Number of protein chains: 2
Amino acid sequence: MSSTSSMSSTANEVPVIKVRPEPESLPDPLPEPAVEDLRLETVLGALSDPLRLGIVRKLLLESEAFDHSCGWFGLDRPKSSLTHHFRALREAGVTRQRQYGLERRSHVRVDDLNARFPGLLGLVAAWVPDRASTG
Amino acid sequence: MSSTSSMSSTANEVPVIKVRPEPESLPDPLPEPAVEDLRLETVLGALSDPLRLGIVRKLLLESEAFDHSCGWFGLDRPKSSLTHHFRALREAGVTRQRQYGLERRSHVRVDDLNARFPGLLGLVAAWVPDRASTG
DNA sequence: TGTTAAGTTCGAATGGAGTCGTACTGAGCT
DNA sequence: AGCTCAGTACGACTCCATTCGAACTTAACA
């Protein structure tokens, strides 16, 4: 919470260090359901959309250590549509979103989902999109 | 298995025998997608409804060796609604339906689903319905 | 043959999800 | 201050799923 990483600066030569946020200084997650509130039918509903299924699959297979912003996915949809889908995933509890400046980055709640619905993410990762989807 | 229990009949008195359909003489299944045509997003969509999730779960946990008709589930919904949901499950490939006289009996396509989406049925079986659902 | 019962079909109403344009917000940069 | 850019908010539209009543179909059975 209140880890105001006071970057020691000796008044003179200010070290301009791009500090990648440490696990202790992450922005708070946007509103999301708690692990114990995850509902299978809601999660399945969120994953029943090909675009969202592709988002989660791409996160599972290709994501780096850090979260990924909306544009990383290369989805050919207007921004307002993407907002809709990323919010659907977060509110269902599939992804977690954090605000980094202008960007809103997402990652899959792997531990939570594996705890509540073991095997589900494996199905998503193994999913083969139909020709012409995911945009 | 194929014991066509030829209940002794002396040619004259025609034996009115209620022959329960053997595995070889089952009615043809109603139209359904082939195993290789099952789509994860479609199956998830079919299972994202609490009523249908309850149907499949009940079939997995409590079903006998034979299929079960619509009324076996004790669902408190009008018949036209049940037709809708059972058809949704069948057309998504989750269940198989056969016509037995007046009744249309269902069972889960366990082998097909385990082959295509291993682990999925385990999640359905482990599902705990929210208070006040499944009708 | 007539009744009963399981389930379908149709049609309507409702609500919600997906799609998108437009306007807006807010952080970072110069 | 002003620009840029990521993403949101809002509203409109369309479409689909859900729900259900009412009429129909049909097998079983007396």
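Things worth noting here:
- Rolling a 1.4 Å probe across the protein heavy atoms gives the stretch A:33-125 an accessible surface of 46 Å² per residue.
- Shielding of B:123-131 by partner chains, average beta-carbon count, 10 Å: 3
- Protein-protein interface of the stretch A:25-51, residues with accessible area decrease of at least 10 Å², isolated chain reference, 1.4 Å probe: A:39, A:40, A:41, A:44, A:45, A:47, A:48, A:50
The values are calculated or read from the model by the stated rules, or taken from the named source; none is laboratory data. Only a predicted model underlies this, so the values are computations on that prediction, with no experimental measurement involved. Because the Cβ atoms are built from the backbone with ideal geometry, glycine has one as well, and the counts that use them run over all protein chains shown. Note: areas computed on protein heavy atoms with side chains; ligands, DNA, RNA excluded. Shrake-Rupley method; radii C 1.70, N 1.55, O 1.52, S 1.80 Å.
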